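What follows is a set of notes on a single structure, which appears directly below.
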Amino acid sequence: MSQKQLIAELSRRIGDEVHLSDWLEITQERINAFADATGDHQWIHVDVARAERESPWKTPIAHGYLTLSLYPMLRGLVASGQPLYPGVKQAINYGLDRVRFPSAVRVGSRVRAHCTLLAVEEVVGGLQVKEQYTVEIDGEPKPACVAEAIMRLYFA
């Protein structure tokens, strides 16, 4: 698909959900690995016994930024050999707008991403796409994360 064809198709899909991920369990191991990677070892994330005693959730919770950082994986941006859209050779994370963490993700919870297309425009060498990334928590009324993710898409 050419860049011109893709912008026409995406322009018609603004406001539509363009991706729904599979469920992902948030394990204590994933939380600990994120804590190690970022240096954020706050007890509410990594100290199981203390979180069970003192946390309002009575269990450890994932870092908000861990939930946010799952966007590329949950969106399928890191799937080798599977372009985001036909003809796209490279998708680059360009930035984020309006990031919020309405609800905590308890260890053992399952999350999945809903991605809704907000905007598409031509930029030098490609397209810029803005999506609303909403992380649903299985069985919870409020999402874990809502953010506007901006990607740049480049063609051959």
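Laboratory data are not the source of any read-out in this text; all were calculated from the coordinates shown. Please read all numbers here as calculations on a predicted model, not as lab measurements. Every residue, glycine as well, gets a Cβ built from its backbone with ideal geometry; the counts of neighbours run over all protein chains shown.
Some observations on this one:
- Rounded to the nearest 20 debye, the dipole magnitude of region 39-126 is 320 debye, with +1 charges on Lys and Arg beta carbons, -1 on Asp and Glu beta carbons, and the Cα centre as origin.
- Size check on the chain: the Cα extents along the three principal axes, sorted descending, read 57, 30, 24 Å.
- Its relative contact order, with pairs defined as Cα atoms under 8 Å and 6+ residues apart, puts region 27-154 at 24 percent.
- Simple label model, 7 Å out from Cα along Cβ direction - GLU122 to TRP57, nm: 4.5 nm
- Among SER2, GLN42, TRP23 the positive-end extreme of the charge dipole of the chain (Cβ point charges): SER2
- For ARG110 and TYR85, the FRET efficiency from 1/(1 + (r/R0)^6), where r spans their Cβ atoms and R0 equals 30 Å, is about 0.65.
- Most to least packed among 98-104, 49-55, 70-76 [average Cβ atoms within 10 Å]: 70-76, 98-104, 49-55
- For LYS4, the aspartates and glutamates whose Cα comes closer than 13 Å to its Cα, not counting residues fewer than 8 places off in the same chain, are GLU121, GLU122.
- Whole-number percent relative contact order across region 1-74, with pairs defined as alpha carbons under 8 Å at least 6 apart: 22 percent
- Summing Cβ point charges (Lys, Arg +1; Asp, Glu -1) relative to the Cα centre of region 1-153 gives a dipole of roughly 180 debye.
- Angle between the chain longest axis and helix 28-38 axis [Cα atoms, degrees, rounded to 10]: 70 degrees
- Using a cutoff of 8 angstrom between alpha carbon atoms and counting only pairs six or more residues apart, the relative contact order for region 71-139 works out to 27 percent.
- When the alpha carbon coordinates of region 113-156 are projected onto the principal axes, the ranges are 42, 17, 11 Å, largest first.
- Residue (of ALA51, SER109, ALA144) at the positive-pole extreme of the chain, dipole from beta-carbon charges: ALA144
- For region 39-73, the list of chymotrypsin sites (Phe, Trp or Tyr not before Pro) that fall in a loop by DSSP and count at most 16 other C-beta atoms within 10 angstrom reads TRP57.
- The chain: angle of helix 3-12 to the longest principal axis, Cα-based, in degrees nearest 10: 60 degrees
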